[in-house]
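Colleague: After the structure tokens below, expect a handful of questions from me.
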Amino acid sequence: MANYLNELGIAGADQAEVIQLFLAYYSTGKFTNDRDATFGRVQDETALVVKCNAAGAITSVAPGPHFQNGDVSALRTKIEQDLLTPGPVQITRQILFSQAKTEGFYKSEGQFQIMAVPADSPQPKYSCSDYPSVLEVAFTSSADFGQNVTRGARALSRIELTLIPLLPALVRMQATHGGRVWTQGPSETAFWRQEYDQVGYIVPGGPQEAFSDIAGLSPMAVVPYQEFYKDHQHRYNTFKVPDSLETSLGKIARLSPENHEKYLRAAYWLRQAGLAGPFGNSPSFVALVSAVEALMGAPVRTGTCESCSQPISIGNTALFRNFIDAHTSADTVPTKLKNEFYNMRSNVAHGGSVFRADLEGRGMTLRGSYEQHRFMTLHDLVRIVVYNWLQNVGSREIW
């Protein structure tokens, strides 16, 4: 069977974008598993058969029964024009929420900028709320509208995850589809207002060719990183940045693809820990341990059993404890507590336990108080571990 992989010029293109292009060109697609897909012009028609390897790279593009003679030429042209030919740099934007009010701006040249919303925009009335700011991110555009939208969304998501471990005050980026929830509050026409309304925050503006003008804004306050990552006041009072932020961003850029993937996975779990917090400590606790596991790697083989010849590896609890020790000061957390972290995570993740506060709500118990102590200790510890891992690994790698 013919393989048009080289003829289509797929090797130099983003593989996910190629799959999106196939789907847009043929209109329908059927994904049998994570490695095989077929595409056709109508449902249940097969014009193209695509195979990928475990890493997601396309290994075969073969014609199906309904393949047409002009498809190769048309697909090659679209891949060249829409995926391989760089378009002009565009700026996409989204609302970023944090636990500290944004005043001024921070700009990482050529990558992104965070700036305060306009002065007349609404702000929360209470501290530690979702304070809005505007995140603008640069990306290389595509001539195809659908690919362009996807590139912008991916660029925003990548920067959000990149910043989560570095700026603890960040909560999340506004979701594209916020849905509806019940809202309530004072009313001028009734005793109390209750509405089922759309979630979201809007600042006028959309995709543009350059970053927004920041001439009228002052730079965000910069704090020595030793103070920033130690003192909660520097994180949550007003939006500030550590003086090591650009250095950290440079280290992220130098990570190998494997370690960059690890960093983004750890950042994802840190974000999920924050989002899950209002609904319970149990899922948040599991997410915090998962953030460390994302960086740990596979268990280390230490030898072979003389009796059964099976490989001997360091257990997950010891691996977790050793990883924390390698990226924190020796006396940061007692060994007993580090073991309890992983054991508690396993019990919760496999359904064997739930934090008492999540089951019983209000009230004070010895077990509940100690669980809360473990949760808060782990919460602060994990951010230190992820940050120190980046500083250690990022200093060694030049990719």
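The values are calculated or read from the model by the stated rules, or taken from the named source; none is laboratory data. What you are looking at is a predicted structure, and each value in this text was computed from that prediction instead of being measured. Note: ideal-geometry Cβ built from the backbone for every residue, glycine included; neighbour counts use all protein chains shown.
Colleague: Just checking, which of Gly216, Gly280 is farther than 17 Å from Asp380 by Cβ, assigned by TED's automatic domain parsing to the domain that holds Gln123 and modelled with pLDDT of 80 or more?
Modeller: Numbers: Gly280 fails: assigned by TED's automatic domain parsing to the domain that holds Gln123.
Checking each option against the conditions leaves just Gly216.
Colleague: Would you check if Phe191 is assigned to a loop (DSSP other than H, G, I, E, B) and surrounded by 12 or more Cβ atoms within 10 Å (Cβ to Cβ)? Break it down stepwise before answering.
Modeller: Numbers: assigned to a loop (DSSP other than H, G, I, E, B): yes; surrounded by 12 or more Cβ atoms within 10 Å (Cβ to Cβ): no.
Criteria not met by Phe191.
Colleague: Just to be sure I understand the filter: pairs with C-beta atoms under 9 Å, separated by 6 or more residues or on different chains, first member in segment 122-141 and in the same structural domain as Ala175 (by TED's automatic domain parsing), second member charged (D, E, K, R) and part of a loop (DSSP other than H, G, I, E, B). Which pairs pass?
Modeller: The qualifying pairs are Pro124/Asp130.
Colleague: Another question, then. Based on what the data block shows, is Ala100 touching a His at 6+ places or on another chain (Cβ under 6 Å), aliphatic (A, V, I, L, M) and buried (at least 16 other Cβ atoms within 10 Å of the Cβ)?
Modeller: On the way: touching a His at 6+ places or on another chain (Cβ under 6 Å): no; aliphatic (A, V, I, L, M): yes; buried (at least 16 other Cβ atoms within 10 Å of the Cβ): yes.
No.
Colleague: Condition test on Arg265, is it over 28 Å from His373 (Cα atoms), out of contact with any Cys (no Cβ under 6 Å at 6 or more places or on another chain) and among the basic types (Lys, Arg)?
Modeller: Details: over 28 Å from His373 (Cα atoms): no; out of contact with any Cys (no Cβ under 6 Å at 6 or more places or on another chain): yes; among the basic types (Lys, Arg): yes.
For Arg265, the condition - over 28 Å from His373 (Cα atoms), out of contact with any Cys (no Cβ under 6 Å at 6 or more places or on another chain) and among the basic types (Lys, Arg) - is not met.
Colleague: Which residues, counting only those in segment 325-345, are surrounded by fewer than 16 Cβ atoms within 10 Å (Cβ to Cβ) and more than 22 Å from Lys230 (Cβ to Cβ)?
Modeller: Listed by number, the residues that qualify are Thr335, Lys336, Asn339, Asn343.
Colleague: So which helices (runs of 4 or more DSSP H) are wholly in segment 305-383 and hold at least 3 residues that are at pLDDT 85 or above?
Modeller: Working: elements: 316-326, 335-349, 356-360.
Where helices (runs of 4 or more DSSP H) fall fully within segment 305-383 and carry at least 3 residues being at pLDDT 85 or above, they are 316-326, 335-349.
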